[in-house]
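Below: the structure, in structure tokens.
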Amino acid sequence: MIYLFWPTLWLWYRSEYPAIAFFKTMTNANDAFGSHNGTETLYCHPFSDYVYTDGVKELLQQCKDYWLVDLIISHQLNRTVHATSFQVWKLKRCNGDSFLITATDGNNNEIARQSIEYSDFPYDEGTLWLVDETILLSDEY
């Protein structure tokens, strides 16, 4: 019976005593949404020609963080970023609710970086790829 209440107890404990919950591990959004293999539908971003896949749509809906796709697309106004046809966007929690998002060309050459002071993104990290104007999870490639 105790096992049914353990997740709820842990969430309460973590919220009441964040300094004591030192054994918390990093959570990756790609682990939670990595079950997609390819995509059946491409979804158009409303204000651009960019599209995103089923996995990205599920991530955005579950986390309610549509700003993530908007941020990636807004960086495409930079000519250096836009000229890179394959981009890896990594979002990583710095501390608390602040994040750092970095974009590379796939070979660890950084092409963009932005600090985010506050986000309610529930995971500690996540990675999206942008390939030829299509935003996708790495498992969907």
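Bear in mind that the values in this text are calculations on the coordinates, not laboratory data. No experiment lies behind these values; they were computed from the predicted model shown. Glycine also receives a Cβ, built like all others from the backbone with ideal geometry; neighbour counts cover every protein chain displayed.
Side notes on the structure shown:
- Lys, Arg +1 and Asp, Glu -1 on Cβ, resulting dipole of region 38-99 about Cα centre, debye, nearest 20: 300
- Label-point separation in nm, Leu100 to Asp132, each point 7 Å along Cα→Cβ: 3.3
- In plain terms, the chain from Asn28 to Arg113 could stretch by 28.7 nm, reckoned as 0.36 nm per residue minus the Cα-Cα distance.
- Judged by the gyration tensor of its Cα atoms, with axes a ≥ b ≥ c, region 45-109 is oblate; a/c meets the 1.5 cut and b/c is at least as large as a/b.
- Tensor-based shape of region 32-141 (alpha-carbon gyration tensor, a/c under 1.5 rounded, otherwise prolate or oblate): rounded
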